[in-house]
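Novice: Here it is, the structure in full.
Read-outs throughout are calculated quantities, based only on the coordinates presented, and are distinct from any laboratory measurement. Fair warning: this is a prediction, and the values are worked out from it, not measured in the lab. As a convention, Cβ positions derive from the backbone with ideal geometry for all residues, glycine included, and neighbour counts pool all protein chains shown.
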Amino acid sequence: MKSKQVVLITGSSTGFGRLFTETLARKGHTVFATMRDPGGRNAQNASEIRALAEKDSLPIHVLELDVTDDASVGRAVDAAVAKAGRIDVAINNAGYYLSGLEEAVTTEQAQRLMDTNFLGPVRVNRAVLPHMRRQRGGVLMHISSGAGRVVLPSVGFYCASKFALEALAEAYSYELAGQGIESVIVEPGQYETPIFGSTVKAADEARTNTYGAVKEIPAKINAALSSTAGNAQEVADTVLRIVETPAGERQLRYFVSPQNFGVEEINALSKQVQASVIEAFGLAVDTKFRKGKAAGTV
Ligand SMILES: NC(=O)c1ccc[n+]([C@@H]2O[C@H](COP(=O)([O-])OP(=O)(O)OC[C@H]3O[C@@H](n4cnc5c(N)ncnc54)[C@H](OP(=O)(O)O)[C@@H]3O)[C@@H](O)[C@H]2O)c1
């Protein structure tokens, strides 16, 4: 690994993204802290990050990036590459939580959630991969969730967005390993960030109201998640560790959580099952990590 990495982070205005920015930059990594609308809704967040960078001489650059907009993603990635010459790590962090009984979630709400939590990383990965292939290395990091491996009632659409992200990130890991590019998944449990305050609620209340006692489930879950939430710095420290791990030695999945709901067991079993599936299809050689190799690429 080169000692200092160039890292692009989505959703850096608040929460994990903001913590990742500061944690990585304090270790000397160059960070492109991207967010939507840094001149408007996030003006205050953008200027706080810039002020911190100025005060402590940290290598942080704030860029505009809305993960639901292809052109915005393209502009941010081009600007980062123009400035730093490369992107070593792309952290797909932007996302939000949707809570409510599944029948009460409208199609439009479901589409919007998938557009951010799932298609956002699709856009970012498609924009950064040509650069990573040219560099013959890089890391696609995906901030999934414990809810990308286990399911709770009233969290179905959020879980679906993270399950989808997990599947995509795992498929990328097989396809890109031969080109020296790693795809990794971080699965945080519940941590204190603004996420619970900005939760979107299922819009169709008339449907919710027909569910009797079951309609109280979202509130019970949200209270349990908020009251047991851990210190988000644990997740930032995990991300730092992943960024600083030498190429080829990273795991596919990192579960980090105040509580283990059995996710580690699922991951361990999944690793075994997937290895035999890959073997059964005769793909073990094609999916092996090869440092610095860029077979069939630009
Ligand atoms: N906190 C937890 O317990 C927890 C657990 C597991 C996984 N996660 C995941 O961690 C990630 C970060 O969440 P957080 O907990 O740090 O919550 P957060 O503070 O609410 O951060 C979410 C970030 O995503 C950004 N975002 C939303 N839509 C966007 C878009 N279209 N384009 C660009 N940025 C967008 C938000 O930006 P704006 O300021 O513009 O809204 C914000 O910066 C999410 O993917 C979440 O699912 C969180």
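Novice: Can you list residues from other chains, or at least 5 along the same chain, whose modelled amide H is less than 5 Å from the amide H of Arg253?
Specialist: Ile185
Novice: Quick check: convex hull over the Cα atoms of segment 179-265, volume per residue in Å³, rounded to an integer?
Specialist: It is 149 Å³ per residue.
Novice: Next question, about the same structure. Label points 7 Å out from Cα along the Cβ direction at Thr245 and Thr210: separation in nm?
Specialist: So the two model labels end up 4.7 nm from each other.
Novice: Full-extension gain between Leu283 and Ser57, please, as 0.36 nm times their residue separation minus the C-alpha to C-alpha distance.
Specialist: So the chain would gain 76.7 nm between Leu283 and Ser57.
Novice: Using a cut-off of 15 Å between alpha-carbon atoms, which aspartates and glutamates can reach Lys291, once sequence neighbours fewer than 8 places away in the same chain are excluded?
Specialist: Output for Lys291: Asp88, Glu175, Glu182, Glu249.
Novice: Quick one: Karplus J couplings for segment 210-221, per residue in order, coefficients 6.51, -1.76, 1.60, θ = phi - 60°, nearest Hz, x for Gly and Pro?
Specialist: For segment 210-221, the Karplus curve yields 8, 9, x, 5, 4, 5, 7, 4, x, 5, 4, 5 Hz.
Novice: Stretched out fully, how many nm does the piece from Asp37 to Arg136 gain, at 0.36 nm a residue minus the Cα gap? Don't jump to the answer; show the numbers that get you there.
Specialist: Details: separation 99, 0.36 × 99 = 35.64 nm, distance 3.22 nm.
Full-extension gain reported as 32.4 nm.
Novice: Full-extension gain between Arg126 and Glu265, please, as 0.36 nm times their residue separation minus the C-alpha to C-alpha distance.
Specialist: Full-extension gain reported as 46.9 nm.
Novice: Additional query: Please report, to two decimal places, log10 I(q)/I(0) for segment 151-298 at q = 0.10, 0.16 Å⁻¹ as given by the Debye formula with identical point scatterers on the Cα atoms and no solvent.
Specialist: Relative scattering, expressed as log10 I(q)/I(0), comes to -0.49, -1.01.
Novice: Which value in Å does the Kirkwood hydrodynamic radius of segment 13-106 take, with 1/r averaged over all unlike C-alpha pairs and then inverted?
Specialist: Answer for segment 13-106: a Kirkwood hydrodynamic radius of 14.4 Å.
Novice: Suppose every K and R has +1 on its Cβ and every D and E has -1 on its Cβ; what is the size of the dipole of segment 6-280 about the Cα centre, in Debye to the nearest 20?
Specialist: Values: 26 positive and 31 negative charges, 101 e Å.
It comes to approximately 480 debye.
Novice: Out of residues 5 or more away from His61 or on other chains, whose amide H comes under 5 Å of its own, with H placed 1.01 Å from N in the peptide plane?
Specialist: Distant-sequence amide H within range of His61: Val31, Phe32, Ala33.
Novice: Another question, then. Below 28 Å, Cα to Cα, which lysines can Lys288 reach? Residues fewer than 8 away in the same chain don't count.
Specialist: Within the straight-line cut-off, Lys288 pairs with Lys2, Lys4, Lys162, Lys271.
Novice: Residue by residue through segment 95-112, which ³J(HN,Hα) values in whole Hz follow from phi under the Karplus form 6.51 cos²θ - 1.76 cosθ + 1.60 (θ = phi - 60°), with glycine and proline marked x?
Specialist: Coupling constants for segment 95-112: x, 8, 9, 10, 10, x, 4, 4, 5, 8, 7, 6, 4, 5, 5, 5, 5, 5 Hz.
Novice: To one decimal place, what Kirkwood hydrodynamic radius in Å is obtained for segment 6-280 from all pairs of distinct Cα atoms?
Specialist: One decimal place: 19.2 Å for the Kirkwood radius.
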